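The values are calculated or read from the model by the stated rules, or taken from the named source; none is laboratory data. Computed from a predicted model, the values in this text were never measured in an experiment. Glycine also receives a Cβ, built like all others from the backbone with ideal geometry; neighbour counts cover every protein chain displayed. Ligands, DNA and RNA are excluded from the accessible area calculation, which covers all protein heavy atoms including side chains. Shrake-Rupley method; radii C 1.70, N 1.55, O 1.52, S 1.80 Å.
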Amino acid sequence: MTAPRRGSRFLVGFAVVALLVAGVLSYFASSSPDGLDATTQRGCEAVETDGGEQLEGTCIAQGATDHHLSSSPLAGYAVRGDSTFTGVAGVVGVLAVLAVSALLFRVLARRRGGP
C-alpha cells in the first residue's frame, strides 16, 4: 500500500468519524450552560417572562446582547432555532470545515509544487 493511498484512507475515516460524532453524539450533549455561561451568570437567576428569559440579580451576563448573527439558520447549534436538528447543524458544520480545509490544502499544495 502506497503512502498517498494510506493517507487517503485515513482522511476518509477521519471524515466519517467526524460526521458520526457531529450527527449522533451531539444529541447526547448537555443542555446546561457551559463553564463560560455558568461563570457569567453567577449572582443571577434566570426567570421566564412573557418576553422570554430574563436575568434577575447582579452578574456579568446582564450586560450581554445578542450576537448580530443570532438569527442565522445554524445559530445556537440548531437549524432555524429547532434544537431537534442539532445533529444536522453539526453535520453541516463538519462538511463546511472539511470543504474549506480541502480547498486550502489544494491551494497550498499547488503553490508548493506538489501533486
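Yes/no matrix, rows are residues, columns are (1) modelled with pLDDT of 80 or more; (2) assigned to a helix (DSSP H, G or I):
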residue: R42; (1), (2): yes, no
residue: E48; (1), (2): yes, no
residue: E53; (1), (2): no, no
residue: S71; (1), (2): yes, no
residue: A89; (1), (2): yes, yes
residue: G93; (1), (2): yes, yes
residue: A99; (1), (2): yes, yes
residue: L104; (1), (2): yes, yes
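Only one of the numbered conditions (1) more than 17 Å from the chain's Cα centre (by Cα); (2) surrounded by 10 or more Cβ atoms within 10 Å (Cβ to Cβ); (3) not aliphatic (A, V, I, L, M) is not met by Y77, and that is (1). Could we say that G57 is surrounded by fewer than 10 Cβ atoms within 10 Å (Cβ to Cβ) and not hydroxyl-bearing (S, T, Y) here? When the stated conditions are applied, G57 does not pass them.
Working carefully through the options L69, L55, L74, L11, find the one that is within 23 Å of A102 (Cα to Cα) and in contact with a helix residue (DSSP H, G or I) (Cβ under 7 Å, 6 or more places away or on another chain). Criteria check complete, one pass: L74. Among the residues making up region 21-40, those that are open to solvent by 90 Å² or more (accessible area, probe 1.4 Å) and outside any loop (DSSP other than H, G, I, E, B) are L25, Y27, F28, L36.
The residues of region 73-85 that are under 30 Å from G43 (Cα atoms) and not in a loop (DSSP other than H, G, I, E, B), listed by number, are A75, G76, Y77, D82, S83.
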